[in-house]
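The structure under discussion appears below in the form of structure tokens.
The values are calculated or read from the model by the stated rules, or taken from the named source; none is laboratory data. The structure displayed is predicted, hence computed values, not measured ones. Positions of Cβ are generated from backbone atoms using ideal geometry, with glycine treated the same way; all protein chains shown enter the neighbour counts. With ligands, DNA and RNA removed, areas are computed over all heavy atoms of the protein, side chains included. Shrake-Rupley method; radii C 1.70, N 1.55, O 1.52, S 1.80 Å.
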Amino acid sequence: MTKRFNHKKKKQFDFSNKILKYLGKNGSKSYNYKQIASHLEITDTQGRNEIIKELKYLLSKNLIEETELGKYRFVPKANYVEGRIDMTGRKTAYLVSEELEEDAFIPTNNLNKALDGDLVKAYIYNKRKGKKVEAEVVEILERHRTQFVGVIEIHKNFAFVSTADPKMYTDIFIPKERVLEAQSGDVVLVEMEDWPEKADSPFGRVIKILGKQGEHNTEIHAILAEYGLPVEFPKEVEDFANHLDTSINEVEVAKRRDMRDILTFTIDPKDAKDFDDALSFQVLENGNYEIGIHIADVSHYVQEGTLLDAEAYNRATSVYLVDRTVPMLPEVLSNFACSLRPNEDKFTFSGVFELNKKAEIVNQWFGRTVTHSNQRMAYEEAQYIIETSDHFIPDMISITGEKQEVSKEIVQAVLKLNELATILRGKRMSNGAISFDKIEVKFNLNENSEPVGVFFKEAKAANHLIEEFMLLTNRKVSEFIGKQKKTFVYRIHDEPDQDRLFGLQSVISRFGHSLNLKSKETISKSLNQLLKDVHGRKEQNLVDTLAIRCMSKASYSTHNIGHYGLAFDYYSHFTSPIRRYPDIMAHRLLQYYLDGGNSVNVEEFEIKCNHCSSMESLAANAERDSIKYMQVKYMQDHQDQAFVGVISGVTEWGIYVEILDNKCEGMVRVRDIREDYYVYDEKQYAMVGQATGNVLQLGDTVEVSVKNADLVKKQLDFNYLQKIY
């Protein structure tokens, strides 16, 4: 027998919640039934009697208390929790709280003006059998953000700004006098100022006009503004940096270990402008090797308590967009004073290691140095040396396009360093490190910063050479301080998420792969084998991406839990202070402890670590958005072309396809697959044709063309052409 829905019960339930919500927002105050009726705009006698009845009911359930005759107050209970809003993009959300065993679902009508990321107080409904936990927002404690980027639409007496963010479920109302000089179609940055009780949309004002929709600079600036990232330095910060003493003076040199006479060189990307690390190499009389990892001594110039330090801390990281870099430090430092350019003396902070032929550390030393780079090389040049193993390379082409002679000593140093790095890498892998050599998507840009080609960047031996010695330094610096039990800035990485690993197992089984999930050791070993097995295959990028999603996020903390992905018990970031503020903190702390300082305040540095982790996340999101933007822009010019791709995702509303030639991903909506009526099969991660029985599932190869390229939303829609067998 079909159950009838009890509308009376539902009405009563809503009435109780309205009373609870009102009392909950004003937790410490007491109200009588007349005051509550006034707030709920109930003026009739029947309505007031209903309130009296509901108050008695709530009192009997201990949800409210009677503070004096006829006056009631909200009683905080365990079913009221604080948490963050996580919007789904479908106008519903989840409440994420440490107080809950599972995230609580929030229907649209229970959001009560809360937005993605907001800190809220919510009422948790009693869980019904077979149903997920539900919640309702009763109070917004803190807005996660108040500034938004969107496109403005001007009307006669007002305007609206709509954002491309799928998690922002409302547009923003702008009074006419608060639009500045914006015109319809402009991309603007708005500040949300108020959300009146009875208004459908929040009220705001335009604080910056970013430009016309679709224009390149407008969209790049919009990406930065969306994440609250700066475009340029304040004038006072630039002036401060420009007046720093950047000379290599003898007074300072005398305080440092002078390593200018030792063979030293840099290996960086060919288009790099800042070089914050260099390697020195010499063979000792006992046959061992002394290897210096020299890092730009940024902390010498960026002193605590200065304007420059405050700006660097606020930024916390450089941001690398496809067509530009937004640096953490002004150019006078990042590209000149702190950049270890060839044939120039530089102040550095170094880790110097004596290694034997088995790449075992015999001795180590940390401290401030002065160094001199003899040569700048690109990764391609170092790779050429490694691949040819020649002692003289007369035809090597340098990054400037001119022939560059490389000395016999540097060639021998590169080959020996590569040999030692290979041993170090092998040890790391055998200890359980995960080898994520994910393919990077890069673009060839014309003079107008428009993408004219896509290519892939893959790490080779030269990249691993530099990586291993940077990892060695990061590990040994943090181990040196960690074993003294003193406060330090660690780079931590927790174990992978078990549920996601099971999900990955289900996906990769369709390609004939498997994982061994019995223990921490078997997981890392089988993950490495998986990444090796998919290398060069059509499913590589899909599997790489899914495997990375299984991993916990690395972050900064004073509380060391080790680094799972690298299989290190101690790990820090020390080797890139030009572009990362945590490295500057690590430099300062190391020097302070070398000078005999006591352990610093852990709470103060934990706050700084959290800030740096947060800014790193914002920068990563901006970088991803700039790649998506360029991919969409590139595909915009190829709308008549057919592409071969792999199905990288399947949902009830369509399939996601990643194009093999350029890694651009777009969606084919189920309604656009004309050959049959397809229905989503959750168990198979597939679309199944109802008439033909055809199956479209993860990993299948299909042919598509571009249907729509939306630069603002950074989304591609594809036409489905055919499945390739």
Considering only residues that are more than 27 Å from the chain's Cα centre (by Cα) and open to solvent by less than 20 Å² (accessible area, probe 1.4 Å), which ones fall in region 298-322?
Tyr301
Hits in region 20-57 - residues which are among the aliphatic types (A, V, I, L, M), modelled with pLDDT of 85 or more and in a helix (DSSP H, G or I)
Ile36, Ala37, Ile51, Ile52, Leu55
In region 621-701, which strands (runs of 3 or more DSSP E) lie fully inside it and hold 2 or more residues that are closer than 28 Å to Glu219 by Cα?
642-651, 654-659, 665-669
Take region 163-196 and flag every residue that is surrounded by 14 or more Cβ atoms within 10 Å (Cβ to Cβ), at pLDDT 95 or above and small (Gly, Ala, Ser).
Ala182
Looking only at region 323-335, decide whether some residue is surrounded by fewer than 20 Cβ atoms within 10 Å (Cβ to Cβ) and over 22 Å from Phe233 (Cβ atoms).
no
Starting from region 199-213, keep only residues that are within 14 Å of Ser184 (Cβ to Cβ), then list their pairs with residues that are open to solvent by 60 Å² or more (accessible area, probe 1.4 Å) whose Cβ atoms are within a distance under 8 Å, requiring at least 6 positions of separation or different chains.
Val206/Arg178; Val206/Leu180; Ile209/Leu180; Ile209/Glu181; Gly211/Asn217
Just to be sure I understand, how many residues within region 479-495 are in contact with a Ser or Thr (Cβ under 9 Å, 6 or more places away or on another chain) and assigned to a loop (DSSP other than H, G, I, E, B)?
8
Out of the residues in region 74-97 that are at pLDDT below 90, open to solvent by 80 Å² or more (accessible area, probe 1.4 Å) and not small (Gly, Ala, Ser), state the one that is farthest from Glu652 (Cα to Cα).
Pro76
From the option list Tyr725, Tyr677, Tyr634, single residue qualifying as crowded, with 16+ Cβ neighbours inside 10 Å and either over 30 Å from Arg580 (Cα atoms) or at pLDDT 95 or above (or both) is Tyr634
Could you check region 226-248 and list, in sequence order, the residues that are at pLDDT 95 or above and hydrophobic (A, V, I, L, M, F, W, C)?
Leu229, Phe233, Val237, Phe240, Ala241, Leu244, Ile248
Tally of residues being at pLDDT below 95, surrounded by fewer than 20 Cβ atoms within 10 Å (Cβ to Cβ) and in contact with an Asp or Glu (Cβ under 8 Å, 6 or more places away or on another chain) across region 344-392
0
Restricting to region 174-196, name every residue that is under 25 Å from Asp86 (Cβ atoms) and either free of Cβ contacts under 8 Å to residues at least 12 places away in the same chain or not in a loop (DSSP other than H, G, I, E, B) (or both).
Leu189, Val190, Glu191, Met192, Glu193, Asp194
Can you name the residue in region 115-157 that is touching a Lys or Arg at 6+ places or on another chain (Cβ under 7 Å) and part of a strand (DSSP E or B) and, of all such residues, is farthest from Val179 (Cα to Cα)?
Val138
The correct count of residues that are open to solvent by 60 Å² or more (accessible area, probe 1.4 Å) and over 38 Å from the mean Cα position of the chain (by Cα) in region 232-256 is 4
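Of the residues Asn157, Asn112, which is among the polar types (S, T, N, Q) and under 22 Å from Gly24 (Cβ atoms)?
Asn112
Show me the strands (runs of 3 or more DSSP E) entirely contained within region 275-381 in which 1 or more residues are touching a Leu at 6+ places or on another chain (Cβ under 8 Å) and touching a residue at least 24 places away in the same chain (Cβ under 8 Å).
Qualifying strands (runs of 3 or more DSSP E): 277-283, 289-296, 345-355, 361-372.
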Within region 398-418, identify whether any single residue is surrounded by 15 or more Cβ atoms within 10 Å (Cβ to Cβ), on the phi > 0 side of the Ramachandran plot, touching a Ser or Thr at 6+ places or on another chain (Cβ under 6 Å) and at pLDDT below 95, and answer yes or no.
no
Going through region 77-106 one residue at a time, which ones are in a loop (DSSP other than H, G, I, E, B) and in contact with a Lys or Arg (Cβ under 9 Å, 6 or more places away or on another chain)?
Thr88, Gly89, Ser97, Glu102, Asp103
Here the residues within region 615-628 that are open to solvent by 40 Å² or more (accessible area, probe 1.4 Å), over 20 Å from Tyr571 (Cβ atoms) and not β-branched (Val, Ile, Thr) are Leu618, Asn621, Glu623, Arg624, Lys628
Specify the residue that is most open to solvent (accessible area, probe 1.4 Å); the eligible residues are those in region 433-478 that are among the charged types (D, E, K, R) and part of a strand (DSSP E or B).
Glu440
Could you list, in sequence order, all residues of region 142-162 that are more than 25 Å from the chain's Cα centre (by Cα) and open to solvent by 60 Å² or more (accessible area, probe 1.4 Å)?
Glu153, His155, Lys156, Asn157, Phe158
So Glu652, is it without any contact (Cβ under 8 Å) to a residue 60 or more places away in the chain, open to solvent by 20 Å² or more (accessible area, probe 1.4 Å), touching a His at 6+ places or on another chain (Cβ under 9 Å) and among the acidic types (Asp, Glu):
no
